[in-house]
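To keep things clear, I will list the structure first and then write my remarks on it.
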Amino acid sequence: MPNVTVMCPHVGPEWNRNPSLPSKLLEWTKDAIQRMNENTEGAFDRPLLWYYSPMDSAWSLGHLEFRGIVYDCMDELSNFTGAPKQLIDNEKRLMEYADVIFAGGYEMGEKRKKLHDNLHIFGCGVEFEHFNKATDPTTIIPPDIDFMARPILGWFGVVDERVDYGMLGEMARMRPDWSFAMLGPVVKVDPNLLPHSPNLFWMGGRDYTQLPNYCAAFDICMMPFAMNASTQYINPTKALEYMATGRPIISTPVRDVVRQWSDIVHIARNAQEFIDTAEQILSHSDQQRITKGLELVQRSSWENTVSTMQKLIEEAICKDERRSKQKIEPLSEADLSYQFQHTPGS
C-alpha cells in the first residue's frame, strides 16, 4: 500500500540475549522516525504507539513522544512455549497507559476487561472473495495435493504447539484410505517428533495467494487444536477463511470456536469423534451449516473491522482525560535488563 512504510532491523540471532538490545531497539526506532521525517512530505510527528507484544513497551514507553497508545492483544503470549514470566508484568504496565485495548478473542478480552475500561473485542475478519475461489470449479488444484487419495481432510496455518499431533497420527492410522494434508511452516516444534504415516502429509508453507487452490482439494477443513494452555484464548482466523471456501469444518472444542460458531463448525473432542463426524459429513453434508458460514463471512470483512477500530482510536486519543496523559516513567537500566526479553509471537 502506498502509505505504508516498514522499517525493520535485521540482526544476528546472538542479539536475542545481548543486554544492549533494548537500547539499540530504541535507537533504531528513533532513527526510523527521523528518516521518515527527512524523506516524506510533512513531519511524521508524535506517532501512535501500537503494541502487539507487551515486551516492546519495556524499552519504548517513556522514551518516545506519541499522540496515543494502543494495545492490540492478538495472542495470549504468556501461555506459549518458552514465554518469559516478565511478559505478565510488562502487560500490566502497558495496560496502565494504553488509551484503548483491542482483544482478538472473547476469552482474552473477558480476562482483561476487569483491568481496563476501554477494551473492545474484535473477532476474526476474512477476505471473502479470495477464499471463495475454492468454490469455483475452474480453480486449479495444485499437483502436489491433487494426487492424494480422497477424501482429503486439510489444514493450513502455522504448525506449532497448538496442534494435537497425537490425535492427527491416530486419525491417520484409523483411516489409512483417507488423506490428511497439513499446509504450513513447522515452528517451535521438532519436526522429528511429528507423527508419520503414508497418508499424513506435512507439506510445509504455501503462499497466501495459493491457499484457495489447495482448499479446492479439501473435502473437509479441519482444526485439530490441542486443548492446552496455548489454545485456551485463541480465536482462529482460519475458521472464517475455511467458511469462505464453502467446505464443512471440524474442530476440537476451542472455547471461542464453540462460543461463536457451534451452529456452523462441527465439534469433536477426540480422534474417534473426529472420524465419526467426518464420516457423517461425507455421507450426508450439512448444507445448512455451510450456508450459514457463507452468510457470516460476507459480513465479516477486514475493512469493516478496520473502520470501527479507527473510530475507537480517534475517540480514545481525543479525550482530555486519558491513560496515556499520565507521566510515564521509563524503566531504569537495571529494571530493563530484567524485564525485556526477545519474545517471538505465533
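For the range 228-268, a tally of residues being of a type in the set (Gly, Ala, Ser), in contact with a His (Cβ under 9 Å, 6 or more places away or on another chain) and in contact (Cβ under 8 Å) with a residue 40 or more places away in the chain returns 1. Taken over the range 181-192, the criterion of being open to solvent by 50 Å² or more (accessible area, probe 1.4 Å) and in a strand (DSSP E or B) is satisfied by 186 alone. Screening residue 113 against (1) within 30 Å of residue 298 (Cβ to Cβ); (2) touching a strand residue (DSSP E or B) at 6+ places or on another chain (Cβ under 8 Å); (3) outside any helix (DSSP H, G or I) leaves a single unmet condition, (3).
Considering (1) in contact with a helix residue (DSSP H, G or I) (Cβ under 7 Å, 6 or more places away or on another chain); (2) polar (S, T, N, Q); (3) open to solvent by 20 Å² or more (accessible area, probe 1.4 Å), the lone condition that residue 199 does not fulfil carries the number (3). Within the option set 79, 37, being among the polar types (S, T, N, Q), farther than 26 Å from residue 303 by Cβ, without any contact (Cβ under 8 Å) to a residue 12 or more places away in the chain and open to solvent by less than 60 Å² (accessible area, probe 1.4 Å) holds for one residue only, 37. Of all residues in the range 269-288, those that are touching a residue at least 12 places away in the same chain (Cβ under 8 Å) have Cβ atoms under 9 Å from Cβ atoms of residues that are open to solvent by 70 Å² or more (accessible area, probe 1.4 Å) and aliphatic (A, V, I, L, M), 6 or more apart or on another chain, in 269/227.
Please work out which one of (1) more than 30 Å from residue 56 (Cβ to Cβ); (2) modelled with pLDDT under 95; (3) in contact with a strand residue (DSSP E or B) (Cβ under 8 Å, 6 or more places away or on another chain) is the condition residue 224 fails and give its number. Tallying (1) more than 30 Å from residue 56 (Cβ to Cβ); (2) modelled with pLDDT under 95; (3) in contact with a strand residue (DSSP E or B) (Cβ under 8 Å, 6 or more places away or on another chain), residue 224 fails exactly one: (2). The set of residues in the range 244-264 that are buried (at least 16 other Cβ atoms within 10 Å of the Cβ), more than 20 Å from residue 217 (Cβ to Cβ) and in contact with a strand residue (DSSP E or B) (Cβ under 9 Å, 6 or more places away or on another chain) comprises 252, 254, 257, 261, 264.
Within the range 145-162, if we keep just the residues that are touching a residue at least 40 places away in the same chain (Cβ under 8 Å) and exposed (fewer than 13 other Cβ atoms within 10 Å of the Cβ), the residue that is farthest from residue 249 (Cα to Cα) turns out to be 149. Residue 101 passes every criterion in (1) farther than 20 Å from residue 329 by Cα; (2) assigned to a loop (DSSP other than H, G, I, E, B); (3) in contact (Cβ under 8 Å) with a residue 24 or more places away in the chain; (4) touching a helix residue (DSSP H, G or I) at 6+ places or on another chain (Cβ under 9 Å) apart from (2). Taking the range 193-265 as the region of interest, the strands (runs of 3 or more DSSP E) fully inside it that hold 3 or more residues being over 18 Å from the mean Cα position of the chain (by Cα) are 200-204. Please work out if residue 30 is over 26 Å from the mean Cα position of the chain (by Cα), open to solvent by less than 60 Å² (accessible area, probe 1.4 Å) and among the basic types (Lys, Arg). Against the criterion (over 26 Å from the mean Cα position of the chain (by Cα), open to solvent by less than 60 Å² (accessible area, probe 1.4 Å) and among the basic types (Lys, Arg)), residue 30 does not qualify. Residue 44 falls short on exactly one of the conditions (1) touching a residue at least 12 places away in the same chain (Cβ under 8 Å); (2) farther than 28 Å from residue 232 by Cα, and that condition is (1).
Exactly one of (1) closer than 23 Å to residue 281 by Cβ; (2) among the acidic types (Asp, Glu); (3) crowded, with 16+ Cβ neighbours inside 10 Å is unmet by residue 136. Its number? Unmet for residue 136, out of (1) closer than 23 Å to residue 281 by Cβ; (2) among the acidic types (Asp, Glu); (3) crowded, with 16+ Cβ neighbours inside 10 Å: (3).
The single residue among 65, 91 that is touching a residue at least 12 places away in the same chain (Cβ under 8 Å), among the acidic types (Asp, Glu) and surrounded by 15 or more Cβ atoms within 10 Å (Cβ to Cβ) turns out to be 91. In the range 11-69, of all residues being part of a loop (DSSP other than H, G, I, E, B) and hydrophobic (A, V, I, L, M, F, W, C), the one that is nearest to residue 338 (Cα to Cα) corresponds to 61. Can you spot a residue in the range 163-180 that is touching an Asp or Glu at 6+ places or on another chain (Cβ under 6 Å), crowded, with 17+ Cβ neighbours inside 10 Å and assigned to a helix (DSSP H, G or I)? The answer is no, given that none of the residues of the range 163-180 is touching an Asp or Glu at 6+ places or on another chain (Cβ under 6 Å), crowded, with 17+ Cβ neighbours inside 10 Å and assigned to a helix (DSSP H, G or I).
The values are calculated or read from the model by the stated rules, or taken from the named source; none is laboratory data. Please read all numbers here as calculations on a predicted model, not as lab measurements. In this analysis, Cβ positions are derived from the backbone assuming ideal geometry, glycine residues included, and neighbour counts consider all displayed protein chains. Accessible surface areas use protein heavy atoms only, side chains included; no ligands, DNA or RNA. Shrake-Rupley method; radii C 1.70, N 1.55, O 1.52, S 1.80 Å.
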